[in-house]
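**Student:** After the structure tokens below, expect a handful of questions from me.
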Amino acid sequence: MNRRDAKLDALCGELVDVTFFDGDEKTGVLEFGMQPAGWPTNDRYTLYVFGQGYIILRKSHVSRIKLHI
């Protein structure tokens, strides 16, 4: 199963603002395959939020994603 997305790949390594469908908003660095040791798999997107750590980013839960200004 290919979990890659062209729009998300273009934003990898960048500081982004993510809005989830439940209204929650997070700002962090978008990464792919950078999960901490012990996580089940490393073939997914994560958002590293400073002061909170890693969040698994599921495309189906994201309402909007844009570069942080």
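The values are calculated or read from the model by the stated rules, or taken from the named source; none is laboratory data. Quick caveat, the model's predicted, so the values are computed rather than measured. Glycine also receives a Cβ, built like all others from the backbone with ideal geometry; neighbour counts cover every protein chain displayed.
**Student:** Suppose we filter region 21-56 for residues that are in contact (Cβ under 8 Å) with a residue 24 or more places away in the chain and in contact with a Ser or Thr (Cβ under 6 Å, 6 or more places away or on another chain); how many remain?
**Tutor:** Adding up the residues that qualify gives 1.
**Student:** Inside region 6-34, can you point out the residues that are touching a strand residue (DSSP E or B) at 6+ places or on another chain (Cβ under 8 Å) and among the acidic types (Asp, Glu)? Working first, answer last.
**Tutor:** Start the filter on region 6-34 by keeping residues that are touching a strand residue (DSSP E or B) at 6+ places or on another chain (Cβ under 8 Å), which leaves 7-9, 11-21, 25-32, 34.
Passing the criteria: Asp9, Glu14, Asp17, Glu25, Glu31.
**Student:** Can you name the residue in region 4-30 that is among the basic types (Lys, Arg) and farther than 10 Å from Leu47 by Cβ and, of all such residues, is modelled with the lowest pLDDT?
**Tutor:** Arg4
**Student:** Considering only residues that are touching a Phe, Trp or Tyr at 6+ places or on another chain (Cβ under 8 Å) and of a type outside the set (D, E, K, R), which ones fall in region 10-26?
**Tutor:** Kept after step one, since they are touching a Phe, Trp or Tyr at 6+ places or on another chain (Cβ under 8 Å), are these residues of region 10-26: 12, 26.
Answer for region 10-26, where residues must be touching a Phe, Trp or Tyr at 6+ places or on another chain (Cβ under 8 Å) and of a type outside the set (D, E, K, R): just Cys12.
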